[in-house]
1. Checking the a/c ratio against 1.5 first, then a/b against b/c, what shape does the Cα gyration tensor give for region 137-186?
2. Going 7 Å from the Cα of residue 216 in the Cα-to-Cβ direction, what parts of region 143-157 have a backbone nitrogen less than 18 Å from that spot?
3. Once both labels are modelled 7 Å past Cα along the beta-carbon direction, what's the residue 63-residue 30 spacing in nm?
4. Using Cα-only point scatterers and the Debye equation, what is log10 of I(q)/I(0) for the chain at each q in 0.09, 0.14 Å⁻¹, rounded to two decimals?
5. Which of 268, 230, 103 moves most in a GNM of the chain, Cα contacts under 10 Å?
6. Taking the beta-carbon count within 10 Å as an exposure proxy, list 70, 65 from fewest neighbours to most.
7. Taking the chain as a Gaussian network, where each spring joins two C-alpha atoms under 10 Å apart, which residue of 156, 31, 67 fluctuates the most?
8. Of 191, 38, 284, how do they rank once you tally other Cβ atoms within 10 Å and put the fewest first?
């Protein structure tokens, strides 16, 4: 889709950020879910043309070229097999190569910097993906991006990505326990297994959104990390979905609405690519942000991809 002069100006509109969110949440201790609606409205008022453009393009995606992969709103997730999304095989091959090269290059002191953490080590993160334009382009391929846009009702922003390695471990702590992600009320994370993943490799495990909602209605709002038995008391037992399968299998998952955990008690290594899409007007600020240059070699993004990458 070519950039008209009008659309080009909309893309260039900056998404202004300020310190208000930090003051309200960090200093005044106002819960994030109370701040988000106000903060979102404030950000939209700063860039109304881009807001309308993103919403319009999302409607066109659904109406004109419905995405092959769709995420049911009630369930909040969609599994996929290697052949369901074009380009997944290339993502897997690329990530396999990066993983092997990185393992050879890991210095011993790397693990000394993380003495308490035994899982989910980032091999690539955030802007580091810009050194791999082919991989970055595949991560915002239209089948993936269109599914996220249709679910969120707007062309989202690629706000995070990590290629992670979880070695053998015996821990069950932190994100290895059931939890929600709190970046926004809705989001889409794409999890892609880089190697075959079985139950003894600590696969991503989650409850569908409707079951997660039922759990919260029974035991109250889930804050932080929660032990399995507490979740089971709320009706979550036997509803877990485990992301096991061959290389290239994966899931679109709304981790804001689906209770989940992963990398628990691995008996063998697991490597997974995690891609995060959020509403552009979310209050969340990524710790490893993307600053994508407009001239990535070999990658010619269309308008929807430019918006997702924040290319002005």
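Only the coordinates and a few stated rules stand behind these numbers; no lab work does. Every value quoted in this text rests on a predicted model; they were computed, and no experiment measured them. All Cβ positions, glycine included, derive from the backbone under ideal geometry; neighbour counts span all protein chains shown.
1. oblate
2. Within reach of a label on residue 216, which here means backbone N under 18 Å from a point 7 Å along Cα→Cβ, region 143-157 contributes 152.
3. 3.6
4. So the normalised log intensities are -0.46, -1.17.
5. With Cα springs under 10 Å in the chain, the top fluctuation among 268, 230, 103 is at 103.
6. So the ranking, lowest neighbour count to highest, is 65, 70.
7. So, out of 156, 31, 67, the one fluctuating most is 31.
8. By the 10 Å Cβ count, ascending: 38, 284, 191.
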